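Visitor: Below: one structure in structure tokens.
The values are calculated or read from the model by the stated rules, or taken from the named source; none is laboratory data. Owing to the predicted nature of the structure, the values given are computational and were not obtained by experimental measurement. So basically every Cβ, Gly included, is an ideal-geometry build from the backbone, and we count neighbours across all protein chains shown.
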Amino acid sequence: MTMVQVAELLAVHLWAALFAITSLMLLLSALLWHGLQRYGVWQTVHRLGAQVVLSLAVAVFAFLGFVEIADEIGADEDLGQFDTALSTALSSHANETQLQMFATLTHLGDKRWLIPLAVVIAAILWWRRHRFLATAWVIATASGGLLNTALKAYFERARPEFLHGFATADGWSFPSGHSSGACIVYGLLAYLLVILAPKRFHLLVAASAMLLIVCVGFSRVVLQVHYFSDVLGGFAFGAAWVAAWIAGLEAYRRRLGAGEPMKD
């Protein structure tokens with residue numbers, strides 16, 4: 001099956017593709033969570049906690065994935081050709097109902113939503129006296145957004161053409177700011193909830209964050225304001241950023257004691 005045929009298949013069976021991708025991501029997150037819960041009692045690996053080592057491994061893997069994706073976005077590369085084929089197929093097969101739904105979902109990755117959300121979370125953390133976490137949250141989310149903007153300027157990739165009118169987008173395309181922003185904000189928010197909320201909510205929090213991230217990224221492709229690889233690149237960058245920050249925060253927590261909520 002050629003890349004064009006695969007792109008046509010995905011565009012025609014859009015809902016099935018979304019269901020399959022979301023289910024796969026939720027399954028992977030559940031397996032990862034199960035592993036953390038089962039082996040989280042392993043306290044020391046080279047004097048670091050298992051969570052720290054795992055987070056560092058995820059950060060490195062995601063960074064290498066980002067580099068590989070960035071190397072394959074050229075028009076003469078396989079991934080670049082698939083991008084073009086999928087965007088063309090979606091422009092022909094995505095109907096108004098689908099476009100309207102994803103045009104609504106995509107706002108969950110808008111700066112005008114994520115920035116106020118980040119401010120509210122920072123204020124709540126500060127009010128609850130988790131001031132170290134509040135400071136780390138602000139620095140991590142703000143610097144992640146700035147770095148994504150810098151990466152866009154470095155790669156200078158033009159966006160695909162979209163004529164449906166259900167979404168607007170300007171600026172460079174790679175990596176997707178909505179995808180990386182959703183990954184960073186919702187990913188770090190899930191981490192904060194996991195370390196601060198009762199254990200019975202942890203799996204629900206992780207699954208909800210994964211669902212939000214996947215839906216935001218998928219919406220950018222369906223709306224044809226980003227190529228598929230833009231979203232993959234955004235996810236890879238966001239995952240590397242989140243994992244690196246979690247590794248640092250977990251290492252700091254272990255200096256204070258595993259149960260320490262990092263209050264001033």
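Visitor: Suppose we filter Ala62, Ala134 for residues that are hydrophobic (A, V, I, L, M, F, W, C) and more than 21 Å from Ala236 (Cα to Cα); which single one remains?
Guide: Working: Ala62 fails: more than 21 Å from Ala236 (Cα to Cα).
After ruling out the rest, the residue left standing is Ala134.
Visitor: Follow-up question, since we're still on this one. Given the stretch 41-157, what helices (runs of 4 or more DSSP H) lie entirely inside it while holding 2 or more residues that are among the β-branched types (Val, Ile, Thr) and modelled with pLDDT of 90 or more? Talk me through it step by step, then tell me what you get.
Guide: On the way: elements: 50-71, 78-93, 96-105, 111-127, 131-155.
Passing ranges, in order: 50-71, 111-127, 131-155.
Visitor: Which ones in the stretch 169-192 are touching a residue at least 12 places away in the same chain (Cβ under 8 Å) and surrounded by fewer than 18 Cβ atoms within 10 Å (Cβ to Cβ)?
Guide: Matches in the stretch 169-192: Ala169, Gly171, Trp172.
Visitor: With the requirement that a residue be among the aliphatic types (A, V, I, L, M) and over 18 Å from Asp71 (Cα atoms), what does the stretch 137-165 give you?
Guide: Within the stretch 137-165, the first condition is being among the aliphatic types (A, V, I, L, M), and the residues that meet it are 138-140, 142, 146-147, 150-151, 153, 158, 163.
Answer for the stretch 137-165, where residues must be among the aliphatic types (A, V, I, L, M) and over 18 Å from Asp71 (Cα atoms): Val138, Ile139, Ala140, Ala142, Leu146, Leu147, Leu163.
Visitor: Then there is this: Right, Val214: farther than 30 Å from Gly74 by Cβ and either assigned to a helix (DSSP H, G or I) or of a type in the set (Lys, Arg) (or both) or not?
Guide: On the way: farther than 30 Å from Gly74 by Cβ: no; either assigned to a helix (DSSP H, G or I) or of a type in the set (Lys, Arg) (or both): yes.
Spelling it out, it is not the case that Val214 is farther than 30 Å from Gly74 by Cβ and either assigned to a helix (DSSP H, G or I) or of a type in the set (Lys, Arg) (or both).
Visitor: I need the full set of residues from the stretch 197-218 which are among the hydrophobic types (A, V, I, L, M, F, W, C) and touching a Ser or Thr at 6+ places or on another chain (Cβ under 7 Å), in order please. Explain how you work it out, then say what you get.
Guide: From the stretch 197-218, those among the hydrophobic types (A, V, I, L, M, F, W, C) are 197, 201, 203-207, 209-216, 218; that's our starting set.
Within the stretch 197-218, Ala206, Ala207, Met210, Leu211, Val214, Val216 meet the criteria.
Visitor: Scan the stretch 114-140 and report the pairs whose first residue is more than 18 Å from Arg253 (Cβ to Cβ) and whose second residue is modelled with pLDDT under 95 and among the aliphatic types (A, V, I, L, M), with Cβ atoms within less than 6 Å and a gap of 6+ or a chain change.
Guide: So the pair list comes out as Ala122/Ala134; Trp126/Ala134.
Visitor: Further, regarding this structure: Looking for something over 25 Å from Leu86 (Cβ atoms), surrounded by fewer than 14 Cβ atoms within 10 Å (Cβ to Cβ) and not basic (Lys, Arg) - is there at least one such residue anywhere in the stretch 201-211? It would help to see each step written out before you state the result.
Guide: Pass one, the stretch 201-211, residues over 25 Å from Leu86 (Cβ atoms): 201-209.
Filter again for surrounded by fewer than 14 Cβ atoms within 10 Å (Cβ to Cβ), leaving 201, 204.
Checking the rest, the ones that are also not basic (Lys, Arg) come to 201, 204.
Taking every residue of the stretch 201-211 in turn, at least one turns out to be over 25 Å from Leu86 (Cβ atoms), surrounded by fewer than 14 Cβ atoms within 10 Å (Cβ to Cβ) and not basic (Lys, Arg).
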